[in-house]
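Engineer: One structure is given below, represented as structure tokens, and several questions about it will come after.
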């Protein structure tokens with residue numbers, strides 16, 4: 001079964017699933033992407049303004065994929081706003097104009113971005129898949145492949161670094177175990193998410209969790225809490241802001257201040273356009 005959405009604009013699966021914001025989607029030979037989110041499995045394809053989501057019915061779309069794919073946000077308006085006085089971001093918007101911010105599960109985003117630090121995307125994907133296969137609950141099968149969920153905080157908190165050794169997380173393993181314990185101490189991921197969603201400074205509060213620094217906290221805030229003003233800064237973004245805006249690569253505070261003043265409430269969306277764009281230069 002497939003669910004079809006017609007007359008969709010500002011949507012490109014390559015831009016969305018290959019811009020560094022997610023790690024559980026794989027490109028297929030036909031250009032579609034198969035992956036899992038929110039305990040469901042789907043294949044997403046797009047052609048000529050028509051979005052097709054396989055393994056999905058109207059109930060799945062309304063309960064999961066409509067929000068996950070951020071289908072109700074007007075990205076055309078946002079690109080116009082960002083580009084009207086900035087030729088740099090205008091070029092980035094044109095290059096990666098099909099990007100949408102995925103509204104990811106808070107706990108999955110937390111686990112994923114703790115694993116992501118000082119790591120490359122293929123290895124991040126491999127580590128997450130190995131972690132899910134070893135300790136996550138099976139979601140189901142699709143296209144001849146088994147899919148597993150992110151391990152619960154209860155499961156991760158019960159493990160040791162030795163238990164996680166086969167997953168090859170390195171120094172990140174004890175961070176993950178400790179962060180899971182802290183999450184449970186604060187009422188679990190849903191309670192923490194609900195509190196942080198309306199917090200004045202969720203990025204600062206997230207850094208109270210083990211293994212979460214400013215960059216990881218910004219990613220969790222953007223992708224796991226939907227705080228579109230969050231502006232994650234990693235080595236790529238330092239290069240972007242230096243090369244395209246002339247800010248010293250070491251001046252991350254200056255970059256954050258510039259983003260807040262220049263991109264405002266759409267800082268996180270601008271970051272994704274710029275991140276995707278710099279890799280083409």
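Please treat every number below as a calculation from the coordinates, not as lab data. Given the structure is predicted, the values throughout are model-derived calculations rather than measurements. Here the Cβ positions follow ideal geometry from the backbone for every residue, glycine too, while neighbour counts run over all protein chains shown.
Engineer: Sort out which residues of region 197-214 are within 18 Å of the chain's Cα centre (by Cα) and buried (at least 20 other Cβ atoms within 10 Å of the Cβ), and write them in order of number.
Structural biologist: 202, 203, 206, 211, 212, listed by residue number.
Engineer: Show the residue pairs that are 6+ apart or on different chains and have beta-carbon atoms under 7 Å apart, the first residue being within region 74-94 and touching a residue at least 40 places away in the same chain (Cβ under 8 Å), the second being loosely packed, with under 12 Cβ neighbours inside 10 Å and not in a helix (DSSP H, G or I).
Structural biologist: Partner pairs satisfying both residue conditions: 76/9.
Engineer: Would you tally the residues in region 110-138 being surrounded by fewer than 17 Cβ atoms within 10 Å (Cβ to Cβ) and under 27 Å from residue 54 (Cβ atoms)?
Structural biologist: 7
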